[in-house]
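Just below is one structure, and these are the notes that go with it.
The values are calculated or read from the model by the stated rules, or taken from the named source; none is laboratory data. Keep in mind that what you see is a predicted model, and the values were worked out from it rather than measured. Cβ sites come from the backbone with ideal geometry, for glycine too, and all protein chains shown count toward neighbours. All accessible areas refer to the heavy atoms of the entire protein, side chains included, with ligands and DNA or RNA removed. Shrake-Rupley method; radii C 1.70, N 1.55, O 1.52, S 1.80 Å.
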Amino acid sequence: MHHFFKLGLISTAVLSSQIALANEFWSQDRQWLLGDWGGERQQLENKGYKFTASIMSQAATNLDGGYNDSNTLENAGQLTLGANFDLNKIAGWEDTTAAIMITKRDGNALTLERIKDPRSSALGNSQEIYGRGKIWRLTQAWIKKGFDDNTVQVKIGRMGMSDDFNSSQCEFQNLLLCGGQLGKSIGSIWYNWPVGLWGANVKYQFAPEWTLGLGVYEVNPDNVKTQSNSDGFNLDMNNVKGATIPVELAWKPKLRAFNGLPGEYKIGALYSTADANDVGTAGKEYSGKHSFWINTQQQLTQRENDPKRGLFLSFNGVLNDKATTTVQSTQQIAVWYKGVFDSRPNDSIGFGLANYLVNDRARDRQIATNESRGYYEYDAFATNYIPIQRDELNVELNYTYQWSPAVMLRPNIQYIHQPAGVKEVDDAWVAGLTMRLNF
């Protein structure tokens, strides 16, 4: 059993003694498990130095269905260590901030072990923090400077693309329901957390409710190597294949229809200059590829004049280049209610659905390849048979138990229709548990 899971069990056992420790280590208003370092931590933050450390674990077990219905429990874990610097306070550099973040992932994925046909490429994952290798990574190392009262902000350094484009709130454990969608459908050119890469972007707030963003990021396959820890800290650009250039328009309106409740609506597009293979024809290549997206989030209700409590709705969609991308489009819709119980104002209940549609040109190529090998229907045993992929639907219902700012538990139940898009694989039911500890 992996050490992150062991840590999760130990932490959960300690949590069970919360009544006895309610006013001490596990008090509900405790921001960090390791405390304020005798007041030094808050003093450092006042001087411009903010330090963060957290552990997240995501356990998942198959209840029914999937490719292999033999029950098992898999756990994925992530350690995050970071620091943010207010360089105005530290060095007198007005409107300037910087950050550094190091991450380490570990564990295994239930989807790979039990849910999908192992001959298929994965679409979804029941544990969103699994992936991109079990190595240490320099996830962030950037500096951001504001101009003209911060209406223009320029950021440069090592970062993930969805830090600033196609970003969306994550209230779920399922990968397809968590955050931005581009890195999950065009991961060869769009790198999400925990991968960091060289890039730069500028955001221009040209009106009180409107912001336009433009970025340039390297396309470098070295960034996603996972052989050793040195791969996660490789800063050279020797293998750059091109650049991914996103542009995004964001609108944060005060809609009368929602009584002035906050929302954000974003549309975006990208173009990659890296060479891209045709998904339907072997050997055919293009000089680039493109994608379009929409991100929306709106607070629909507010409970008892508390702006953090109420019903929230989000919708995210992606449309990819049909010539070069296996996943043609993605759609994600989710709702969550925060503070449904007066005694638990920081807890929330969430429900979401996410669908990934496989490009019919990629599917036609899979069919043609199988027929060339003599397969005209699904073969559960042939190692050189390629399962035909269509679309995959993921559903999750969860409850987020926010014991304190330092401790969060999220039990959830997931349903996966056509795992990896293969209709011959039984639909799967999965039970999961996310835990996050802030130190």
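Key figures for this structure:
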{"read-out": "Residues of the range 129-143 that turn out to be under 30 Å from Gln153 (Cα atoms) and not hydroxyl-bearing (Ser, Thr, Tyr), as a count", "value": "9"}
{"read-out": "So Phe258, is it of a type in the set (A, V, I, L, M, F, W, C), touching a residue at least 40 places away in the same chain (Cβ under 8 Å) and open to solvent by 10 Å² or more (accessible area, probe 1.4 Å)", "value": "yes"}
{"read-out": "Test: residue in the range 31-40 that is of a type in the set (D, E, K, R), in a strand (DSSP E or B), free of Cβ contacts under 8 Å to residues at least 60 places away in the same chain and open to solvent by less than 60 Å² (accessible area, probe 1.4 Å)", "value": "no"}
{"read-out": "Some residue of the range 141-160 being under 21 Å from Ile186 (Cα atoms), free of Cβ contacts under 8 Å to residues at least 40 places away in the same chain, crowded, with 18+ Cβ neighbours inside 10 Å and not polar (S, T, N, Q)", "value": "yes"}
{"read-out": "Answer residue from the range 312-330, given it is under 15 Å from Glu264 (Cα atoms) and of a type in the set (A, V, I, L, M, F, W, C) and is least open to solvent (accessible area, probe 1.4 Å) among those", "value": "Phe312"}
{"read-out": "Condition met for Gly288 (over 22 Å from the mean Cα position of the chain (by Cα), at pLDDT below 95, open to solvent by less than 30 Å² (accessible area, probe 1.4 Å) and of a type outside the set (Phe, Trp, Tyr))", "value": "no"}
{"read-out": "Filtered residues of the range 56-104 (kept if open to solvent by 20 Å² or more (accessible area, probe 1.4 Å) and closer than 22 Å to Thr400 by Cβ)", "value": "Met56, Thr61, Leu63, Leu73, Glu74, Leu79"}
{"read-out": "Test: residue in the range 161-168 that is at pLDDT 95 or above, in contact with an Asp or Glu (Cβ under 8 Å, 6 or more places away or on another chain) and within 30 Å of Asp427 (Cα to Cα)", "value": "yes"}
{"read-out": "Sole exception among (1) in contact (Cβ under 8 Å) with a residue 60 or more places away in the chain; (2) polar (S, T, N, Q); (3) open to solvent by less than 20 Å² (accessible area, probe 1.4 Å) for Asn108, by number", "value": "(3)"}
{"read-out": "Candidate set from the range 108-123 (those that are within 17 Å of Ser185 (Cα to Cα) and in contact with a Ser or Thr (Cβ under 8 Å, 6 or more places away or on another chain)); member that is modelled with the highest pLDDT", "value": "Thr111"}
{"read-out": "Verdict on Gly183 being open to solvent by less than 30 Å² (accessible area, probe 1.4 Å), at pLDDT below 95, out of contact with any Ser or Thr (no Cβ under 7 Å at 6 or more places or on another chain) and farther than 23 Å from Gly263 by Cα", "value": "no"}
{"read-out": "Boolean, Phe172 is farther than 15 Å from Trp293 by Cα, in contact (Cβ under 8 Å) with a residue 40 or more places away in the chain and assigned to a strand (DSSP E or B)", "value": "no"}
{"read-out": "Total residues in the range 383-439, condition under 28 Å from Glu371 (Cα atoms) and open to solvent by 30 Å² or more (accessible area, probe 1.4 Å)", "value": "11"}
{"read-out": "Test: Leu214 is open to solvent by 10 Å² or more (accessible area, probe 1.4 Å), closer than 30 Å to Phe312 by Cα and modelled with pLDDT of 95 or more", "value": "yes"}
{"read-out": "From the options Gly421, Gly374, residue that is free of Cβ contacts under 8 Å to residues at least 40 places away in the same chain and on the phi > 0 side of the Ramachandran plot", "value": "Gly374"}
{"read-out": "Verdict on Ala250 being touching a residue at least 40 places away in the same chain (Cβ under 8 Å), surrounded by 15 or more Cβ atoms within 10 Å (Cβ to Cβ) and in a strand (DSSP E or B)", "value": "yes"}
{"read-out": "Qualifying position, being surrounded by 24 or more Cβ atoms within 10 Å (Cβ to Cβ) and β-branched (Val, Ile, Thr), among Ile135, Ile115", "value": "Ile115"}
{"read-out": "Count of the range 67-98 residues which are more than 24 Å from the chain's Cα centre (by Cα) and over 11 Å from Lys50 (Cα atoms)", "value": "16"}
{"read-out": "Verdict on Arg436 being within 27 Å of Thr80 (Cα to Cα) and modelled with pLDDT of 95 or more", "value": "yes"}
{"read-out": "Residue that is nearest to Val358 (Cα to Cα), among those in the range 318-336 that are touching a Leu at 6+ places or on another chain (Cβ under 8 Å) and among the small types (Gly, Ala, Ser)", "value": "Ser329"}
